[in-house]
Amino acid sequence: MTHVEKLDIPQGTLDLMILTILSREPMHGFGISQRLTVLSQDQFRANPGSMFPSLYRLEQDGKLKAEWRATENNRRAKYYRLTASGRRQLEHHRERWNRVSFAVTSVLEGA
Amino acid sequence: MTLLHRLASIVRWIARRDRAEHDLHEELQVFIDMAAADEVRGGATAAEARRRAAIALGGLEPAKERVRGGRHGAWLDAAGRDIRYGLRQLRLSPAFSAIAIATLALSIGGITAIFSAFDTILLRPLPYADSDRLVMVWDDMSKSEGDSRFFSTPAEWTEWRRLNTVITDLACSQSGTAILSGDGEPEEVRARRVTWNLWSVLGVQPALGRVFTEDEDDKGARVVVMSHGLWQRRFGGASDIVGRKISVNDEAYEVVGVMPRSFYFMPSRDIDMWMPASFPPGLRGNFTWHSAQIVARLKPGITLEHARQSMSALSLRVTAKDFRGPHAVTMIPLREEMAGKTGTALIILLWAAAALLLIGCVNLANLLLSRGEGRGREVAVRAALGAGRGRLIAQFLTESLVLAGLGAVAGLALAVPAMRFLERLVPEAMGAARLTLDWRVLAFATVATVTAALASGLAPAWRGARISSQDGLRDGGRGTAGARSHWFQHSLIAVETALAVALLTCGGLLLQTFQHLRNIDLGIRTERLLTFETPLLRYKDFDRRVAFVNAELEKVRAIPGVTNAGAISQIPLTITDNYRFYLRAGQPPNRFSEQIALTRVVSHGYFTAIGARLREGRFFETSDRRSESPAVVVNESFANRNYPGRSPLGKRLKFERLNETGYWYTIVGVVKEIRERGVAEDTRPAIYRVHEQADQANDSPSGIVVRTAVDPASIISAVRQAIWTVDGNQPLARIRTMEDIVDRQLSTPTQSTGLLGAFALLALSLASIGMYGVLSYAVIQRTNEIGVRMALGATSGEILLSFGRRGLGLTLCGLALGLGLSVIASRLLTALLYGFHPDYIATVAAVSVILTAVATLAWFVPARRASLVDPIIALRQE
């Protein structure tokens, strides 16, 4: 078994990823962490311990709205969904991120 | 919008905390359940699955803590929890809490009360414009047996005004009395004769009407400005008071203005009336009439020292022609003049209160440190549950803040009655002040409290948080903090002991001074002696005045319960100096300038009534009638100065007079020193004349002393009636017993000694509680070790000795440090010793013995407990 060291989530991008995941559909905490693992092709050390503070803060800032509902397995779980303000924040951050990563990539390739 | 949103969310979080906490718990539980179910699908056993899920989350409780910590307003929430936690801690150890809160209450309450007096007397601006630029200007007569603060002359005032370069303007005020009649009972009020510019120098406006003009002053117009108090009291606050004619000293004066309620000015707050000084032309060029108190406003940018030099030079020039020779001036800032010795006392008391607060904090820090060591396990558990280091420090500090806050509340409750006591310290020259817990005092108390919390909590918090990271849960909770921590705690003990020693030494010095002041021979018998004043302004004619005084004394002596009565121009101890230059027979006239004596005019029987003692010769007799060769009685200072080793009886002297021939007076008696100028003031040469022969004196015997066989207060109305049978319009003023006068004069030393003594005793008990506490904790913590040592053969004597050595070492260390500190502190104290030289060595010796005894008790009890440890039990505790 080859051991590939997992990456730490870059500072400040966890919020962006959470917003992106939730932009498709409302989801609960475990779902978000699973989706994060899958989408990042298991590259990130997605620590749920640090995901929850982000969720709560985003909710507090009005970017997310949370409600308890039943899962498909008929359990109660807390679902988060994006608010209008969260969607705007996502657009804004995504655009910034694109510019930053484009710029960084350009520099790296140009060197 | 976002901010509002956030605030709302913080409020929601706090308001619905239980719900939110419940939500969080459930959400994380659901997460663990889902993650575990996932692991089970991956093939793990149910138990292993749950374990992995919990690890993935980083532990349930730490995860919660991180969510709480990440939220906006988290600090508020944390503070709330810490406060509740702190309160719970306090309830868990009530004895510790009680000691800590009591310590803080006494020290915070003490410093707050002292600060309120300090603020009122020394910090708050005086009720004058730009009051820092106001100074009093006195003649410096220290070269001719007078004071360095001698009244100036109207002539000097005129010249200074004309020629000086450092002062914007200066105003002159002289004492005066005013008898009001016409509207109600005759009443004597305190009045001042002032130059028209007094108010412009002070920068004060009247509340009603105006002040008088230069023209009115020059022409001697009959106008007055009255105090708010008099306006309210005697005239019922009548709105038409301005312009009204009132009867003052049997003459009609027009009221031109009323001062605001807050106005007061030297020399005391109870002055009710200001009249124009209206110096007669002769007085304006007269450099001998020393009766003026001068206040000046320094020009902007001029320092006090510069002004002093410039004015002294000017004064030497102006008074060069004075037959007494030139003299310099003394300039004292108005505030210093008004506060007097009380100011010094307050500065020292504030220092003492600060020292006590420091001792309290040190003590508390030590107790917290000791307790912190015992709490290592609890802290480790909290750390394991996710509390970070900062969080732990914050929690420890919150506990100290809770303690200090409770202490402050209790302290403020103590401060209020203390402030009632301190109000009596406010000098008579200042406005009557009611000390209150206003915002300044509260702000000070808050700063003191937070400082106390930080000072006492920082070291324990730092240490406590560190213990957690080291010892963790490994150790059996034996909480050992190593040699370094003991070194720190020991230094704290030494520091607080040293401060206690310094306070005790100062307290001892003040106590001795106070006893000295109490035991001073005043030259009179103060018990059952009633004094009051009967202003004689209405008796301008000499013969009528003599007749009236003799008649009133006759009537007063006839009252049942009165054993004797006499009259004098100034009641003893009341510091109304009245000096004259004099010449002895055979001296050349230029010697006038060097010789100055207090002069008093008395009635027959005055000396007997007041209980004075004769050294030689005789007191006045009824045969001493008006004559051109009158008699005088002098005091011992006078006799010793002028006739050392000889009898002054039969010797002659005359007073400085300008335009007429003065009588030659013959000395007929020497009276033992009477403290005319005040209990704590130096004695001066004094000359007494009898009023029948005082036709060449300006003083009239308006002060009456009545010796009674009964309680003096019980005959006051009888005395009043007796005097009114002679003259129904004669007012009586300032009715006091001699004991009241003495108490009032000793109020600053009495109160400062009492307060400093109380601080010193508190300091001593706090320091011993501190030492006892630290050693007791050490014994508890080291019970195991002691058990081992005893099991290995140490005797209980050796154990006692090993703890005793530590206690004694600390005591001696603190003592040595404290004695060094005392040397500095006692230098600060000099002004409060009233020239008395207390026995420093005896004080230090007594303090050392007391401290050593108390401290020995404080360490002996825990050391003995250590020596009685049963090794079997101690080792079983493991």
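The values are calculated or read from the model by the stated rules, or taken from the named source; none is laboratory data. Nothing here was measured: the structure is a model prediction, and the numbers come from that model. When we count neighbours, we look across all protein chains shown, and the Cβ atoms used for this are built from the backbone with ideal geometry, even at glycine.
Here are the numbers for this structure:
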| item | result |
| --- | --- |
| Some residue of region B:676-690 being at pLDDT 90 or above, of a type outside the set (Gly, Ala, Ser) and out of contact with any Phe, Trp or Tyr (no Cβ under 9 Å at 6 or more places or on another chain) | no |
| Single match in B:Ala49, B:Ala53, B:Ala35 (criterion: more than 11 Å from chain A (Cβ to nearest Cβ), buried (at least 19 other Cβ atoms within 10 Å of the Cβ) and not hydroxyl-bearing (Ser, Thr, Tyr)) | B:Ala49 |
| Qualifying position, being under 31 Å from the mean Cα position of the chain (by Cα) and free of Cβ contacts under 8 Å to residues at least 40 places away in the same chain, among B:Trp199, B:Trp231 | B:Trp199 |
| Residue match in region B:790-813 (condition: of a type in the set (Lys, Arg), in a loop (DSSP other than H, G, I, E, B) and not assigned by TED's automatic domain parsing to the domain that holds B:Gly678) | no |
| Unique match (being over 15 Å from the mean Cα position of the chain (by Cα) and over 21 Å from B:Ala20 (Cβ atoms)) among A:Arg69, A:Arg87, A:Arg76, A:Arg96 | A:Arg96 |
| From the options B:Ala63, B:Ala44, B:Ala117, residue that is more than 25 Å from B:Gly388 (Cα to Cα), assigned to a helix (DSSP H, G or I) and among the small types (Gly, Ala, Ser) | B:Ala117 |
| Of all residues in region B:333-358 being touching a Phe, Trp or Tyr at 6+ places or on another chain (Cβ under 7 Å) and of a type outside the set (Gly, Ala, Ser), the one that is nearest to B:Phe265 (Cα to Cα) | B:Leu346 |
| Residues within region A:18-35 that are crowded, with 21+ Cβ neighbours inside 10 Å and more than 12 Å from chain B (Cβ to nearest Cβ), tallied | 3 |
| Selected residue (criterion: surrounded by the fewest Cβ atoms within 10 Å (Cβ to Cβ)) from residues of region B:662-678 that are free of Cβ contacts under 8 Å to residues at least 40 places away in the same chain and in a loop (DSSP other than H, G, I, E, B) | B:Gly662 |
| Residue in region B:333-347 that is outside any helix (DSSP H, G or I) and either touching a strand residue (DSSP E or B) at 6+ places or on another chain (Cβ under 6 Å) or touching a residue at least 24 places away in the same chain (Cβ under 8 Å) (or both) present | yes |
| Hits in region B:166-201 - residues which are surrounded by 18 or more Cβ atoms within 10 Å (Cβ to Cβ) and out of contact with any strand residue (DSSP E or B) (no Cβ under 7 Å at 6 or more places or on another chain) | B:Trp199 |
| So B:Thr513, is it crowded, with 24+ Cβ neighbours inside 10 Å, of a type in the set (Ser, Thr, Tyr) and either modelled with pLDDT of 80 or more or not in a helix (DSSP H, G or I) (or both) | no |
| Looking only at region B:285-319, and only at residues there that are in a helix (DSSP H, G or I) and among the aliphatic types (A, V, I, L, M), the one that is surrounded by the most Cβ atoms within 10 Å (Cβ to Cβ) | B:Met311 |
| Number of the exception - B:Ala639 against (1) surrounded by fewer than 15 Cβ atoms within 10 Å (Cβ to Cβ); (2) without any contact (Cβ under 8 Å) to a residue 40 or more places away in the chain; (3) among the aliphatic types (A, V, I, L, M) | (1) |
| Those strands (runs of 3 or more DSSP E) lying entirely in region B:536-604 with at least 2 residues modelled with pLDDT under 85 | B:579-584 |
| From the options B:Ile716, B:Ile704, residue that is in contact with a strand residue (DSSP E or B) (Cβ under 7 Å, 6 or more places away or on another chain), outside any loop (DSSP other than H, G, I, E, B) and surrounded by fewer than 21 Cβ atoms within 10 Å (Cβ to Cβ) | B:Ile716 |
| Candidates B:Ser768, B:Ser826, filtered to the one that is assigned to a helix (DSSP H, G or I) and crowded, with 21+ Cβ neighbours inside 10 Å | B:Ser768 |
| Residue in region B:871-878 that is at pLDDT below 80, touching a helix residue (DSSP H, G or I) at 6+ places or on another chain (Cβ under 8 Å) and of a type in the set (Asp, Glu) present | yes |
| The one condition in (1) modelled with pLDDT under 80; (2) within 13 Å of chain B (Cβ to nearest Cβ); (3) over 23 Å from B:Leu24 (Cβ atoms); (4) touching a helix residue (DSSP H, G or I) at 6+ places or on another chain (Cβ under 8 Å) that A:Pro48 fails to fulfil | (3) |
| Checking B:Ser278 against (1) surrounded by fewer than 22 Cβ atoms within 10 Å (Cβ to Cβ); (2) part of a helix (DSSP H, G or I), the condition it does not meet | (2) |
| Residue in region B:503-511 that is among the polar types (S, T, N, Q), farther than 30 Å from B:Arg149 by Cβ and in contact (Cβ under 8 Å) with a residue 24 or more places away in the chain present | yes |
| When residues of region B:720-754 are limited to those that are assigned to a helix (DSSP H, G or I) and of a type in the set (A, V, I, L, M, F, W, C), the one surrounded by the most Cβ atoms within 10 Å (Cβ to Cβ) | B:Met738 |
| Test result for B:Thr856, at pLDDT 85 or above, in a helix (DSSP H, G or I) and touching a Phe, Trp or Tyr at 6+ places or on another chain (Cβ under 9 Å) | no |
| Residues (within 21 Å of A:Gly86 (Cα to Cα) and free of Cβ contacts under 8 Å to residues at least 12 places away in the same chain) located in region A:42-56 | A:Pro53, A:Tyr56 |
| Number of the exception - B:Glu621 against (1) among the acidic types (Asp, Glu); (2) part of a loop (DSSP other than H, G, I, E, B); (3) modelled with pLDDT of 90 or more | (3) |
| Single unsatisfied condition, B:Leu829 versus (1) in contact with a Cys (Cβ under 6 Å, 6 or more places away or on another chain); (2) within 30 Å of B:Leu792 (Cα to Cα) | (2) |
| Selection count, region A:10-41, where residues are among the polar types (S, T, N, Q), under 25 Å from A:Asn74 (Cβ atoms) and in contact (Cβ under 8 Å) with a residue 12 or more places away in the chain | 1 |
| Of all residues making up region A:61-111, the number that are of a type in the set (Ser, Thr, Tyr), part of a helix (DSSP H, G or I) and within 12 Å of another protein chain (Cβ to nearest Cβ) | 1 |
| Selected residue (criterion: farthest from B:Asp695 (Cα to Cα)) from residues of region B:574-615 that are charged (D, E, K, R) and surrounded by 15 or more Cβ atoms within 10 Å (Cβ to Cβ) | B:Arg615 |
